[in-house]
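Chemist: Let me begin by handing over the structure; questions about it come next.
The values are calculated or read from the model by the stated rules, or taken from the named source; none is laboratory data. The shown structure was predicted, so the numbers you read here are calculated from the model rather than taken from an experiment. All Cβ positions, glycine included, derive from the backbone under ideal geometry; neighbour counts span all protein chains shown.
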Amino acid sequence: MTIESSGVLALVVYVVVGAATMCALGLAAARFATTTDSASAIGPFGTVILGFVSGVLIPVQELPDWLVQVGRVFPLAHLAEGLQRALAPSISGSGIDGTNLAVLALWGLAGIAVAVRTFRWEPMGAGD
C-alpha cells in the first residue's frame, strides 16, 4: 500500500495530534492508577473496551447504531477515522476533517487540564 502525496500532511497531523491527545489522557489517567497493579489493569482494559466501541477492533457497520454513537464520544473513534481519511485522501479530499481534529483537541486539552491539576511526581498513597 502506498500513501498518496496529498494524504501525507493529513497523516502527519493526525499522528501528532493523536499522540499528544493520548499522552495527555495517559497522564490524566495516572491520577486514578495509584499502584502499578491498578495501572496494568486500567490501561489495557480501557483500551480494549474503547477499541470495540470505537470501531477499531470491530467494523462500525457491524455495531449497533447506539454503540457507534457512544464510541464517537471518545477520541479513539475520531483518531481512527482521521487516519483512515489520511490514508485514502482520494475518497475524502485532503484527508483532514475539522470535526475529528476538534474532538481530538478537546480531549487533549481536557487531559492536560486534569493532568496539570492532579499529576504528582511523588508516589501516592491509598488515601491521597
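Chemist: Among (1) hydroxyl-bearing (S, T, Y); (2) surrounded by fewer than 19 Cβ atoms within 10 Å (Cβ to Cβ); (3) under 30 Å from R120 (Cα atoms), there is one condition S94 misses while meeting the rest; what is its number?
Modeler: (3)
Chemist: Search segment 1-10 for residues being polar (S, T, N, Q) and in a helix (DSSP H, G or I), and hand back the single one that is modelled with the highest pLDDT.
Modeler: Within segment 1-10, the first condition is being polar (S, T, N, Q), and the residues that meet it are 2, 5-6.
Among the residues that remain, those that are also in a helix (DSSP H, G or I) are: 5-6.
Working: S5: 72, S6: 69.
Applying the filter and picking the extreme gives S5.
Chemist: Report, by residue number, each residue of segment 27-58 that is within 23 Å of A110 (Cα to Cα), among the β-branched types (V, I, T) and assigned to a helix (DSSP H, G or I).
Modeler: I42, T47, V48, I49, V53
Chemist: Next question. From G95, G51, grab the single residue that is on the phi > 0 side of the Ramachandran plot and not polar (S, T, N, Q).
Modeler: Values: G51 fails: on the phi > 0 side of the Ramachandran plot.
Criteria check complete, one pass: G95.
Chemist: For segment 28-50, what are the residues that are crowded, with 16+ Cβ neighbours inside 10 Å and under 27 Å from Q84 (Cβ atoms)?
Modeler: Correct list: A28, A29, L50.
Chemist: Turning to a different aspect of this structure: Among the residues of segment 11-26, is there at least one that is surrounded by 13 or more Cβ atoms within 10 Å (Cβ to Cβ) and not in a helix (DSSP H, G or I)?
Modeler: No; the residues of segment 11-26 include none that is surrounded by 13 or more Cβ atoms within 10 Å (Cβ to Cβ) and not in a helix (DSSP H, G or I).
Chemist: Those residues that are hydroxyl-bearing (S, T, Y) and at pLDDT below 85, I need them from segment 52-95; list them, please.
Modeler: We begin by selecting, within segment 52-95, every residue hydroxyl-bearing (S, T, Y); these are 54, 90, 92, 94.
Correct list: S90, S92, S94.
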